[in-house]
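Notes follow once the structure below has been shown.
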Number of protein chains: 2
Amino acid sequence: MTRFLASAALIALAAFAPAKPLGTQAVIEQSKPSDWRRLAPENTLYMDVNGGTVVIELAPQFAPLHVANIKTLVREGFFDGTTVNRVQENYVTQWGDATEKKSLGTAKPTLPLEAERDAKGLAFVPIKQRDSYAPEVGFVDGFPAARDPKSGKAWMAHCYSALSVGRGESPESGSGAELFTPIGHAPRHLDRNYAPVGRIIQGMELLTALPRGSGQLGFYEQDSQRVAVRRVRLGSDVPAAERLAVEVMRTDTPTFAAFVDARANRDRDGFLIGMGGVDVCNIRVPVRPVAKP
Amino acid sequence: MTRFLASAALIALAAFAPAKPLGTQAVIEQSKPSDWRRLAPENTLYMDVNGGTVVIELAPQFAPLHVANIKTLVREGFFDGTTVNRVQENYVTQWGDATEKKSLGTAKPTLPLEAERDAKGLAFVPIKQRDSYAPEVGFVDGFPAARDPKSGKAWMAHCYSALSVGRGESPESGSGAELFTPIGHAPRHLDRNYAPVGRIIQGMELLTALPRGSGQLGFYEQDSQRVAVRRVRLGSDVPAAERLAVEVMRTDTPTFAAFVDARANRDRDGFLIGMGGVDVCNIRVPVRPVAKP
């Protein structure tokens, strides 16, 4: 009888013991269709470069003026036939018009810096993770971001594969005609200093596996070293059948919170110990293929 | 007279106002000779690969058994004629014997995991920076590291350009015959799970600007894709005149503390705002050329 009672108590305990949290793969497998979203064609860029296509999601919620200007540049063919001009080891790959003489057409030559914005009105979903650079980090519609309750400002983080705007010394000298992406450890000291305008969803390897430039700041010194940016198109100008058929995990759901938790506590699949924390730049938002539209 | 007093007060204030902290370049320029150290030849590796030489500093203070085993492998020529077998985008480049059949000579085939160690006895110099993964971060003899006061353990961080040991599912299955280095955003979830044995001081671009592998985990699928590791030598076996003539900034000095502070507060040279913090993996310990020995 005591034995039976003991067993009953054990069963009761087991029923209330917290289940081991899911791993990243299990979170994805158990997700609902509503945990995923499609890319909006009007905010997607297709850049043909280095024998493949880089697919970019634009972030007008962070840099409306720059995104509008970039769309103008794209639609007027500014980027077609430009080049990758700079590949700096553990820092950035940068592209645009190497001559700096090509006409920007009807696009604006300079814009106010959009490196941060009012946090109010932004769908910022915090994650409970420590960060070396900001009091608070999280995601906004899939973009890794930071927020400062004191200043009331929010900004996109310069994580690996962010798309950001090159500029001169003057903060107001950028236009979106010169773009770069971090290819090494996140250069977060660029945050609040440079204006991120989106992130690369697919094709980073086309921009990272390039020879490093031997000039100052990794700029190429000879024309022959520059890989061509053959063509850049806005998703809504790309025939539907040619668009990237993927869906991206939403970052404002309990499923994504579970995914972040799983990234912070990897204790399976060859891992012995979960670290109990994760850098916002080390949370790669899941992307999965879907049937063509 | 009141005017004179006011001026005197202002001068006094100015004398006590904190000077604007130095920038990274100024810290280096104002450093003393004793703020720098040479590489110890007996803990340096020279790896000829991809048309150049990767220079590695070994860390016996973190992984004595692995470092000793790697030195045996190197001196017996194990790595000569092996290959780069895996390049996974935003993750790692890995090299060793693709056939997994080459004899390890007198080296041990497996070793206990040396992913962390007792913090006691380690020259850990903390930096006052928040970290997403560990309660405390800092440097040990130039190696970025973390420490947990609760467990009393310390470990090297898997930052960009760390050298770490590949292994199978079993934690005790590594030997140092298969090595990898992070080539993207620091995969710190490897910390305490894999055994870092050093860091790459020069030549990272020889391992990062390689085509990504198309197989699972970025492994190459065809022999022809594998770049040869032509030769690996221990520094003490390299003629003095051929050794890398550099010095590395010491990480246990007030000068290095000032350097970290400058990295955390970059507000010059094109930067408008210092972020007031820096990721331990984004502090690249300065290296500078010196005259040949």
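Name the single residue that is farthest from B:VAL137 (Cα to Cα) among those in region B:271-293 being at the interface with chain A (Cβ under 7 Å from one of its Cβ atoms) and touching a helix residue (DSSP H, G or I) at 6+ places or on another chain (Cβ under 8 Å).
Among those that are at the interface with chain A (Cβ under 7 Å from one of its Cβ atoms) and touching a helix residue (DSSP H, G or I) at 6+ places or on another chain (Cβ under 8 Å), it is B:PHE271.
Step by step: first the residues of region B:165-185, then only those that are out of contact with any strand residue (DSSP E or B) (no Cβ under 6 Å at 6 or more places or on another chain) and acidic (Asp, Glu), then the one that is nearest to the other protein chains (Cβ to nearest Cβ). Which residue is that?
Across region B:165-185, the extreme among qualifying residues is B:GLU169.
Residues to consider are A:GLY105, A:GLY77, A:GLY81, A:GLY121; find the one that is more than 14 Å from chain B (Cβ to nearest Cβ), within 27 Å of A:SER214 (Cα to Cα) and modelled with pLDDT of 95 or more.
Result: A:GLY81 is the single residue among A:GLY105, A:GLY77, A:GLY81, A:GLY121 that is more than 14 Å from chain B (Cβ to nearest Cβ), within 27 Å of A:SER214 (Cα to Cα) and modelled with pLDDT of 95 or more.
Yes or no: region A:168-186 includes at least one residue that is closer than 23 Å to B:HIS158 by Cβ and among the aromatic types (Phe, Trp, Tyr). Working first, answer last.
Step one: filter region A:168-186 for residues closer than 23 Å to B:HIS158 by Cβ, giving A:181-186.
Still in the running and among the aromatic types (Phe, Trp, Tyr): none.
Within region A:168-186, none of the residues are closer than 23 Å to B:HIS158 by Cβ and among the aromatic types (Phe, Trp, Tyr).
Conditions first: (1) buried (at least 16 other Cβ atoms within 10 Å of the Cβ); (2) more than 30 Å from B:GLN202 (Cβ to Cβ); (3) out of contact with any His (no Cβ under 7 Å at 6 or more places or on another chain); (4) modelled with pLDDT of 95 or more. A:ARG288 passes all but one, so which condition is the exception?
Looking at each condition in turn, A:ARG288 falls short on (1).
Does B:ASP131 qualify as being of a type in the set (Asp, Glu) and within 13 Å of chain A (Cβ to nearest Cβ)?
Working: of a type in the set (Asp, Glu): yes; within 13 Å of chain A (Cβ to nearest Cβ): yes.
In short, yes.
Listed here are the residues, each with its yes/no results for (1) buried (at least 23 other Cβ atoms within 10 Å of the Cβ); (2) touching a residue at least 40 places away in the same chain (Cβ under 8 Å); (3) within 18 Å of A:THR82 (Cα to Cα).
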| site | (1), (2), (3) |
| --- | --- |
| A:ARG188 | yes, yes, no |
| A:ASP191 | yes, yes, no |
| A:VAL197 | yes, yes, no |
| A:LEU207 | yes, yes, yes |
| A:GLN216 | no, no, no |
| A:ALA228 | no, yes, yes |
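Exactly one of (1) within 13 Å of chain B (Cβ to nearest Cβ); (2) within 22 Å of A:LYS71 (Cα to Cα); (3) surrounded by 18 or more Cβ atoms within 10 Å (Cβ to Cβ) is unmet by A:ALA146. Its number?
Every condition holds for A:ALA146 apart from (2).
Select from region A:201-211 the residues that are more than 8 Å from chain B (Cβ to nearest Cβ) and out of contact with any Asp or Glu (no Cβ under 8 Å at 6 or more places or on another chain) and list them in ascending order.
A:GLN202, A:GLY203, A:LEU206, A:LEU207
Let me spell it out: the conditions are (1) surrounded by fewer than 21 Cβ atoms within 10 Å (Cβ to Cβ); (2) within 15 Å of A:ASP279 (Cα to Cα); (3) more than 13 Å from chain B (Cβ to nearest Cβ), and A:PHE139 meets all of them except one. Which number is the exception?
The single condition A:PHE139 does not satisfy is (1).
The values are calculated or read from the model by the stated rules, or taken from the named source; none is laboratory data. Source: prediction; values computed, not measured. Cβ sites come from the backbone with ideal geometry, for glycine too, and all protein chains shown count toward neighbours.
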